[in-house]
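Comments concern the structure below.
Throughout, read-outs are computed from the coordinates displayed, never taken from laboratory work. Keep in mind that this is a model prediction, so the values were computed, not measured. All Cβ positions, glycine included, derive from the backbone under ideal geometry; neighbour counts span all protein chains shown.
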Amino acid sequence: MAVVQTGIANSIDASSGRARLDAVAKKLIRHKIILAEILKECVEEFRSYDVNYIEKYCFVGDIRMDEVSVDQDVPDAEASVIGSDTEDSSDREGTVRYDLVFDAQVPETGELIRLIINVEIQVDMEPGYPLITRAIYYLGRLISRQKGTVFKKSDYGKIRKVYSIWICPDPKRENMNSIAEYGFVQQKVIGQVNEPVENYDKMKAIIISLNDEGMENRTEIIRLLSTLLSVKQPVDKRKQILEEEFNIPMTREIEEEVSEMCNLGMAVETMGKEEMLLSNIRSLMETLKLTAEQAMDALKIPKVDQEKYQKKL
């Protein structure tokens, strides 16, 4: 373990490491057995169905990862059914893609639902805008892109319901262990209104905030996802929980991804600490006019490590 961690830590910086963490997290989430658990716990249309039934019968087509486009400033390369195209290009943000996109079919009605699963692995959970506003934008795009494929001209009654589910492994402390749902509701202001719910219940945003700091006070889905995406729990402990509590088979692929998640997380944490230490060294050098060696001595950095930091400075 130590050898792998050292190798990774030497070959990445914290930002690229977080990008790789994000990629591994999406690979873990994309397995149908995991997505089936999410559907059962978070999507009302599937709550009455068994996880194994959902996994076997409710997925329609492929699970697309980093393929389906968000914006439309640049035409999509291949458009057929909604979301079959895989990238969104924006003049301001460049190309933006949904993390995971797939269709699920409700057994009772045969209704097709489009879902996007977004996995956010980032230290900064305050990107400069409320996360829910981004989820709303994604939902709007999933609705608007249906025109010309799911429905044509003004046949809006054929619009399919869409979900945007955001999984936040490192949320604010006050949001840990929580699931929040946002959607349209009918509110009668004056008089009687009896619009069927299926006519306006067309989009839902769900934000799942995990907790990597202990195992108590969790719903089943939060415990599952927290274990799956943990970068702190030992790999063997995580595998045991996934197998014994959630019947997640430890295939070679899943086992490798769980191990990689742990190794990358430890490496990114190490790189993050090094960045902070370098910042402190520079601060002392600038404010107190110290040499690099004096600043490192003041911070009690061992002599054996000072050459490494000197090179990075």
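The label-point distance for ASP201 and GLU244, in a model that sets each label 7 Å from Cα toward Cβ, rounds to 3.9 nm.
Please label the shape of the stretch 139-220 as rounded, prolate or oblate, based on the square roots a ≥ b ≥ c of the eigenvalues of the alpha-carbon gyration tensor (a/c under 1.5 means rounded; beyond that, a/b larger than b/c means prolate, else oblate). Since a/c reaches 1.5 but b/c is at least a/b, the shape of the stretch 139-220 is classed as oblate.
Counting every other Cβ atom within 10 Å of each residue's Cβ, TYR163, TYR309, TYR200, TYR129 order from fewest to most as TYR129, TYR200, TYR309, TYR163. Among ARG141, ARG97, ARG114, ARG252, the order by Cβ neighbours within 10 angstrom, fewest to most, reads ARG252, ARG97, ARG141, ARG114. Quick check on my link table: of LYS56/LYS161; LYS232/LYS303; LYS26/LYS147; LYS158/LYS204; LYS172/LYS202, which ones sit more than 26 Å apart, alpha carbon to alpha carbon? Among LYS56/LYS161; LYS232/LYS303; LYS26/LYS147; LYS158/LYS204; LYS172/LYS202, the Cα-Cα distance tops 26 Å for LYS232/LYS303; LYS26/LYS147; LYS172/LYS202. Note on SER144 and ARG47: their simple-model spin labels are 3.2 nm apart, each label 7 Å out from Cα toward Cβ.
Going from the residue with the fewest nearby Cβ atoms within 10 Å to the one with the most, GLU181, GLU253 rank GLU253, GLU181. A simple spin-label model places the labels of ASP305 and TYR57 5.7 nm from each other, with each point 7 Å out along Cα-to-Cβ.
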